[in-house]
Every structure is written in C-alpha cells, then in structure tokens.
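The values are calculated or read from the model by the stated rules, or taken from the named source; none is laboratory data. Note that the structure is a prediction, hence the values are computed from the model and not measured. For neighbour counting, all protein chains shown are included, and Cβ atoms are generated from backbone atoms with ideal geometry for every residue, glycine included.
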Amino acid sequence: MPNTNRPTISTHVLDTTRGEPAAGVAVTLWRLDGKEQVAQGTRETDADGRIAALGDGALTAGTYRLSFEVGAYYKRKGTAAFLQRATLDVEITDPNRRYHIPLLMSPFACSSYRGS
C-alpha cells in the first residue's frame, strides 16, 4: 500500500458510457523538463478506476503530463473509440500537497478537473 502521507498525484477514471469506474486503464505520468519528457511511471487503474499514487519519485514543482490509454480500454470492451489517448498537462506549484486529477471518459469525449 502506498504511503498516503507523502505528496502524490492520484487519479480516478470513470467510464461515462457505462456509468461505472474504468478498471484497467493504463496511465503514464511524465515530468516535462524543457522539451524533454521524463517518465515517472506507468500504473493501471484498479477495479474502482483509481490509482492512489502515480510516479515513482518525489514531486517537485513543475509541469507534469498524464497520458490515459482510452482507446486500448475501449478496445478490450469491444467498443470502437475515436479518442485513443487523453493527455493532460498540469502545473504542480506546491510539491508538498497531494493532487487528485480525475478523468471522465467516453469513446468520443473526455473531461477532467482538479479534484480534492
């Protein structure tokens, strides 16, 4: 179980087409360093569509990219998807707090916000 006392980036992916959590969605976290993308780790959502802690290291202030493999998820469900990958770039200003970034997705649209 991850240490929930340390600052993290977490996510919760919901399949709005089915009205249920999206289990098995691969999410990669990148740290953007100038024009370079530095991989911080890839995780898969659990049965409740959650990943408690993305990344393998400590958070630092800067820009991070979350890449959600939407198309692969829907392909496993037997559904054709227009969206293949949803990518979010977020700015971490306080590396001492936790950030929760949910994704609401369907084969044709997605939405996100900074959660709590």
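Anything in the stretch 60-114 that is surrounded by 12 or more Cβ atoms within 10 Å (Cβ to Cβ) and of a type in the set (Gly, Ala, Ser)? List them, or say none. Gly62, Ser67, Gly71, Ala72, Ala81, Ala86, Ser106, Ala109, Ser111, Ser112 - these are the residues of the stretch 60-114 that are surrounded by 12 or more Cβ atoms within 10 Å (Cβ to Cβ) and of a type in the set (Gly, Ala, Ser).
A quick yes/no check of all residues on (1) surrounded by fewer than 18 Cβ atoms within 10 Å (Cβ to Cβ); (2) more than 16 Å from the chain's Cα centre (by Cα); (3) basic (Lys, Arg):
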site: Ile9; (1), (2), (3): no, no, no
site: Val13; (1), (2), (3): no, no, no
site: Gly34; (1), (2), (3): yes, yes, no
site: Asp48; (1), (2), (3): yes, no, no
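Counting only residues that are among the charged types (D, E, K, R) and closer than 15 Å to Cys110 by Cα, how many does the stretch 49-81 have?
Total satisfying the criteria: 1.
The test for being touching an Asp or Glu at 6+ places or on another chain (Cβ under 6 Å) and not small (Gly, Ala, Ser) holds for Thr63.
Please go through the stretch 14-40 and pick out each residue that is touching an Asp or Glu at 6+ places or on another chain (Cβ under 7 Å), free of Cβ contacts under 8 Å to residues at least 40 places away in the same chain and in a strand (DSSP E or B). Across the stretch 14-40, the qualifying residues are Pro21, Gln40. When the residues of the stretch 53-75 are narrowed to those that are within 10 Å of the chain's Cα centre (by Cα) and touching a residue at least 40 places away in the same chain (Cβ under 8 Å), which ends up farthest from Arg98 (Cα to Cα)? Only one residue fits best here, namely Glu69. Taken together, Arg18, Arg43 contain a single residue that is within 16 Å of the chain's Cα centre (by Cα) and at pLDDT 95 or above, which is Arg43.
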